[in-house]
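Participant: Before I ask anything, here is the structure I am working with.
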Amino acid sequence: MTNEKMKSLPSVMFDLDSLVRPNIRAMKPYSSARDEFQGDARVMLDANENSLGSAGPERFNRYPDPHQRAVKAELAQLKDVAPAQIFLGNGSDEAIDLLVRLTCTPGHDSILILPPTYGMYEVAANLNDVRIERLPLTPDFQIAPADVARIVASEAKLVWLCSPNNPTGNLLHEESIEEILRGFRGLVVVDEAYADFAAAPSWTTRLAEFPNLVVLQTFSKAWGLAGLRLGMAFASPEIIGYLNKIKPPYNVSEATQQHALAALHDAPRFEQMRQQLLLGRDWLAERLPAIGIVEAVFPSDANFLLVRFRPDATAVYDYLLEKGIVVRNRTTQPGCAGTLRLTVGTEAENEQLLQALREFTA
Ligand SMILES: *Cc1c(COP(=O)(O)O)cnc(C)c1O
């Protein structure tokens, strides 16, 4: 077979069952009352709920749908995937933790991260006593070709690819991700928390090609629902089946499910906010470079900008705090010396931020 042909083949080495921890493969999941009886009975005395009602202004006396069918039906349409390809969790953070626990035996297995990146991958690994291998991104925050080869050859159970990356804001090159998907034997998790702000199609459009692909998205950013705690994972029905097997049965509350449905029915508001945040990002990115203390504004496909300040970013950070403006100090992150991460706010907030930076310069 020619090299060209081999390159175009999907990852023949991928075997999900051998990636999953043996105890999880063998275990029987909890069977909830709502699993054993579905439907509308007039007398519901199976789940030790309170049939009288609820304290507080609203009725939440019944356990929620453990499979979140209504939300998944809407999401499946929006994202053009099957409901069986969707996992919902208490924020993406729950999916991150479950993916580590699904594949990594504590004290034995390892995961790969590409710093600077989102901190929860490391926290989930540490919590589960899982070794972390770090492959730092290049100075322009891409995966070095030699590291693509290292990832492909690695025995790690899982690699975290954050694209657009937090805190740098850039998309990782499609070709690098594709090469990893084709060659790596573990799960490839593409965290797309910021995908709604990016000028590239989601990796959810490639799920059918790659049995080892997991895509994470969230309601916390473009949907404006960080307080609700709702995260999504998209993957093969087999991977989603395993996540459902190990999740707490009622991990997404009834209030969250109802609210998510209402949000999904309010698509125009989502789109209007998304557009406004993109305009705000461009507005800031255009004006920041003219400020004396700004050394570099990194290109962003997210709702924030990573900015390098001279000579002292932490002095800028402290000055902004004094003015009542809090941003994220990233100066101690690998490859991020001298940087602050600025979230795009309202028009008035963006103006205040720029004004304060001009005052500090003067
Ligand atoms: C904000 C963010 C998330 C979202 O996490 P939630 O638990 O869904 O709020 C996930 N990944 C990255 C990289 C983020 O920046």
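Participant: Run the quick spin-label model on Met13 and Glu175: label points 7 Å from Cα toward the beta carbon, then report their separation in nm to one decimal.
Facilitator: 2.1 nm
Participant: With Rg and the Kirkwood Rh both taken from Cα atoms, where does Rg over Rh land for region 268-361?
Facilitator: 0.96
Participant: To continue, here is another question. What ³J(HN,Hα) values, in whole Hz, does the Karplus curve 6.51 cos²θ - 1.76 cosθ + 1.60 give for region 103-115 when θ = phi - 60°, with x put for Gly and Pro?
Facilitator: 10, 9, 7, x, x, 10, 9, 9, 10, 10, 10, 10, x
Participant: Compute the length gained on full extension between Ala146 and Gln272: take 0.36 nm times their separation in residues and subtract their Cα-Cα distance, giving the result in nm to one decimal.
Facilitator: 41.2 nm
Participant: Students often check this: by mean Cβ neighbours within 10 Å, which of 128-134, 228-234 ranks highest, and how do the rest follow?
Facilitator: 228-234, 128-134
Participant: Would you mind calculating the gained length between Ile24 and Ala70 on full extension (0.36 nm times residue separation, minus the Cα-Cα distance), in nm to one decimal?
Facilitator: Full-extension gain reported as 13.8 nm.
Participant: Also, I was wondering about something else. Among rounded, prolate and oblate, which fits the chain when a ≥ b ≥ c are the square roots of the eigenvalues of its C-alpha gyration tensor, a/c under 1.5 means rounded, and a/b larger than b/c means prolate?
Facilitator: oblate
Participant: Using a 10 Å cut-off around each Cβ, can you sort Cys104, Cys336 from fewest to most neighbouring Cβ atoms?
Facilitator: Least crowded to most crowded, the residues run Cys336, Cys104.
Participant: So, one more: What FRET efficiency comes out for the pair Asp312/Glu155, r = Cβ-Cβ distance, R0 = 41 Å, nearest 0.05?
Facilitator: In this case the efficiency is close to 0.45.
Participant: Once label points are set 7 Å from the Cα along Cα→Cβ at both Gln77 and Leu279, what is their separation, rounded to one decimal in nm?
Facilitator: 2.9 nm
Participant: Obtain the nm distance between the two label points defined at Arg358 and Phe60 by a simple spin-label model: each point lies 7 Å from its Cα along the Cα-to-C-beta direction.
Facilitator: 4.6 nm
Participant: Report the extension gain between Ser51 and Val326 in nm, rounded to one decimal, defined as 0.36 nm multiplied by the number of residues separating them, less their alpha carbon distance.
Facilitator: Working: separation 275, 0.36 × 275 = 99.00 nm, distance 4.63 nm.
Once the chain is fully extended between Ser51 and Val326, it gains 94.4 nm.
Participant: Now, a different point. Based on the Cβ-Cβ distance of Glu286 and Arg206, what FRET efficiency does E = 1/(1 + (r/R0)^6) give at R0 = 35 Å, to the nearest 0.05?
Facilitator: 0.60
Participant: Using amide H atoms built in the peptide plane, which far-off residues or other-chain residues are under 5 Å from Arg328 H to H?
Facilitator: Correct list: Arg341, Thr343.
Participant: Related question: Put +1 on the Cβ of every Lys and Arg and -1 on every Asp and Glu Cβ in region 268-361; which of Thr339, Pro311, Ala356 then has its Cα farthest towards the positive end of the dipole?
Facilitator: It is Thr339, whose Cα lies furthest towards the positive end.
Participant: If you plug each phi of region 335-348 into the Karplus form 6.51 cos²θ - 1.76 cosθ + 1.60 with θ = phi - 60°, what whole-Hz ³J(HN,Hα) values come out, in order, with x for Gly and Pro?
Facilitator: Per-residue couplings from phi come out as x, 10, 3, x, 10, 10, 9, 10, 6, 6, x, 6, 4, 5 Hz.
Participant: Can you work out the Karplus-derived ³J(HN,Hα) for every residue in region 158-165? Use 6.51 cos²θ - 1.76 cosθ + 1.60 with θ = phi - 60°, whole Hz, and x for glycine or proline.
Facilitator: Computed from phi, the couplings for region 158-165 are 7, 10, 9, 10, 9, 8, x, 7 Hz.
Participant: May I pose another question? Work out the FRET efficiency for Asp35 and Glu295 from their Cβ-Cβ distance, taking R0 = 56 Å, and round it to the nearest 0.05.
Facilitator: Working: r = 57 Å, r/R0 = 1.01.
Given R0 = 56 Å and the Cβ-Cβ separation, E is 0.50.
Participant: Using the structure shown, list the pairs from Lys72/Lys247; Lys28/Lys221; Lys28/Lys79 with a Cα-Cα distance above 26 Å, or answer none.
Facilitator: Lys28/Lys221; Lys28/Lys79
Any read-out appearing in this document is the output of simple, stated calculations on the displayed coordinates, not a laboratory observation. All values reported here derive from a predicted model rather than from experimental measurement. In this analysis, Cβ positions are derived from the backbone assuming ideal geometry, glycine residues included, and neighbour counts consider all displayed protein chains.
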